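Presented below is the structure to which this report refers.
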Amino acid sequence: MSLETPRLSAVRDSALAAVPTALADLGALVRIPSVAFPGFDRAEVERSAAAVASLAEGLGIFDRVEVTTAAVPETGEQGMPAVLATRAARNGRPTILLYAHHDVQPVGDESLWESAPFEPTVRGGRLYGRGAADDKAGIMAHIGSLRALVDAVGPDFDLGVNLFIEGEEEAGSASFASFLSDNAEALRADVIVVADSGNWDQRTPALTVSLRGNARFTMTVRTLDHASHSGMFGGAVPDAMLATVKLLSTLWDDDGAVAVEGLRERDAVTPEYSEETLRSEAGLPAGVSPIGRDAILSRIWNKPSLTVTGIDAPTVRNASNTLSPEVSVVVSARVAPGQSAREAYEAIEAHLRAHAPFGAELTFRDVETGDPFLVDTAGSAVEHARAALAEGYGVDAVDIGVGGSIPFIADLVEQFPEAQILVTGVEDPHARAHSPNESLHLETFRNALVSEALLLERLDSSGL
Ligand SMILES: [Zn+2]
């Protein structure tokens, strides 16, 4: 047990008391459909930025709060509005940068939602809605924990606080790097908390210590100059779909493990995780087998994976007896921690070129890469975070890897190489971020908010 100071217990009480209002504010944010993808209404992203800015203003602790944008380097267009609030540290205390994002994924097929996606709804101890977990709950964990600190110790505390709530994370963070360099002074911090990850389960907190990178690209396979009737030449010339199917099938072996030379794995021990848990959390039916080899979590955290996420070919409705001249696919790779995403992409492209059947012509475009990330767990901020999580949840935190990517973390590390980065979050394995029926486990949210308030108190009272 840690020795609890009166100040710490006051912050804990204030944090618990801050939860209902934080949830009400979260509901109001969920009502704003802030999808930053092209083709969606930018005004909604602006509305959600304004709502977040007014929550930050309401704290009364910042020297300045602004809604601001940065240019996308490739196009020169303005990126999506982010909220930036800053408060200078006093008396030699450190500065903490709190990151979350206020944009959300599109809802997908609305008929799959059990309640309207932008209508926050509580069922069975969870709050349902798009963004209820990813990542508007991350915003409210920051705001709620700061409210608790102010409530318990007053607004004149010493900790420096920068709040950065991005508006285009789900859409690829195109202006993130320019935002960082434009605002480097305002964002500079000793500790960065990225509240956009998950927890081990509903009771057990986690510190995310590794993230896979990603590489995504579009490949076009061409085998014919033009389409023709399959009765005319079928059986004598390859159609593009035949070549594509054969080519893509070389990416995996019979176990479904990635079979691309040059893609690396990370060698690290992972916690116990049963096939039964995998089946329940991923929704894998009894008759369908998992893929890959070795410990299940090492497949997700430490090995590469490849998924075909889109295909342009004649639709079922428009299918006719035609040999398709050309097919395009989107391939999305997860890159193991320790390998550069660019190097992984090059290995995949080389594999595909080497295996193109019938001399099919391949072209590659729209290549996007984001590097994987490994946290240095030796830092003092990690120690403070572990203690705060144990106090807030009543259970020790587990170190986890994440199979997904937060590519901008690589930009953060590059811009602020001395900062200690903590990747935390409010999600649990049932949050279904990015999917229909996304939800937030209310107890996890409470514990996350309390833990963050305790972390702020620790850094404010004792520094790093
Ligand atoms: Zn997110």
List pairs: first residue in the range 280-301 and within 16 Å of Arg432 (Cα to Cα), second residue surrounded by 12 or more Cβ atoms within 10 Å (Cβ to Cβ) anywhere in the structure, Cβ distance under 6 angstrom, at least six positions apart or on different chains. Glu281/Pro429
Any residue that is open to solvent by less than 40 Å² (accessible area, probe 1.4 Å), touching a Pro at 6+ places or on another chain (Cβ under 8 Å), touching a residue at least 24 places away in the same chain (Cβ under 8 Å) and within 26 Å of His441 (Cβ to Cβ) - is there at least one of those in the range 200-211? yes
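Filter the range 432-449 for residues that are of a type in the set (S, T, N, Q) and outside any helix (DSSP H, G or I); which is surrounded by the fewest Cβ atoms within 10 Å (Cβ to Cβ)?
Within the range 432-449, the first condition is being of a type in the set (S, T, N, Q), and the residues that meet it are 435, 437, 439, 444, 447.
Of the ones still in play, those that are also outside any helix (DSSP H, G or I) are 435, 437, 439.
On the way: Ser435: 15, Asn437: 18, Ser439: 27.
Once the filter is applied, the top-ranked residue is Ser435.
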Check the range 124-142 and report whether any residue there is surrounded by fewer than 24 Cβ atoms within 10 Å (Cβ to Cβ), free of Cβ contacts under 8 Å to residues at least 40 places away in the same chain and more than 16 Å from the ligand (Cβ to nearest atom). yes
For the range 356-366, how many residues meet the condition of being open to solvent by 90 Å² or more (accessible area, probe 1.4 Å) and either basic (Lys, Arg) or part of a helix (DSSP H, G or I) (or both)? 2
Looking only at the range 189-200, decide whether some residue is out of contact with any strand residue (DSSP E or B) (no Cβ under 7 Å at 6 or more places or on another chain), modelled with pLDDT under 95 and closer than 26 Å to Ile300 by Cα. no
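Condition check ((1) within 14 Å of the ligand (Cβ to nearest atom); (2) in contact with an Asp or Glu (Cβ under 8 Å, 6 or more places away or on another chain); (3) within 29 Å of Ser462 (Cα to Cα); (4) touching a residue at least 60 places away in the same chain (Cβ under 8 Å)) across all residues:
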residue: Ala385; (1), (2), (3), (4): no, no, yes, yes
residue: Tyr393; (1), (2), (3), (4): no, no, yes, yes
residue: Ala397; (1), (2), (3), (4): no, no, yes, yes
residue: Val402; (1), (2), (3), (4): yes, no, no, yes
residue: Ile406; (1), (2), (3), (4): yes, yes, no, yes
residue: Val423; (1), (2), (3), (4): yes, yes, yes, yes
residue: Ala433; (1), (2), (3), (4): yes, yes, no, yes
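From the list Thr369, Thr377, pick out the single residue that is outside any loop (DSSP other than H, G, I, E, B), among the hydroxyl-bearing types (Ser, Thr, Tyr) and open to solvent by 30 Å² or more (accessible area, probe 1.4 Å). Please lay out each step first, then the result.
Values: Thr377 fails: outside any loop (DSSP other than H, G, I, E, B).
Every option except Thr369 fails the conditions.
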Number of the condition not met by Gly256 [criteria: (1) more than 16 Å from the ligand (Cβ to nearest atom); (2) modelled with pLDDT of 95 or more; (3) open to solvent by less than 10 Å² (accessible area, probe 1.4 Å)]: (3)
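Every residue in the range 264-321 that is hydroxyl-bearing (Ser, Thr, Tyr), farther than 30 Å from Pro238 by Cβ and outside any loop (DSSP other than H, G, I, E, B), please.
Looking only at the range 264-321, we keep the residues that are hydroxyl-bearing (Ser, Thr, Tyr), and these are 270, 273-274, 277, 280, 289, 298, 305, 307, 309, 315, 320.
Right, trim to farther than 30 Å from Pro238 by Cβ and you get 270, 273-274, 277, 280, 289, 298.
Within the range 264-321, Thr277, Ser280, Ser298 qualify.
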Single match in Gly131, Gly144, Gly138 (criterion: assigned to a loop (DSSP other than H, G, I, E, B) and either at pLDDT below 95 or within 22 Å of the chain's Cα centre (by Cα) (or both)): Gly131
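The values are calculated or read from the model by the stated rules, or taken from the named source; none is laboratory data. This structure is a prediction, so every number in the text was calculated from the model and none was measured. All Cβ positions, even for glycine, are placed from backbone atoms using ideal geometry, and neighbour counts span all protein chains on display. Keep in mind that these areas ignore ligands, DNA and RNA; they rest on the heavy atoms of the full protein, side chains included. Shrake-Rupley method; radii C 1.70, N 1.55, O 1.52, S 1.80 Å.
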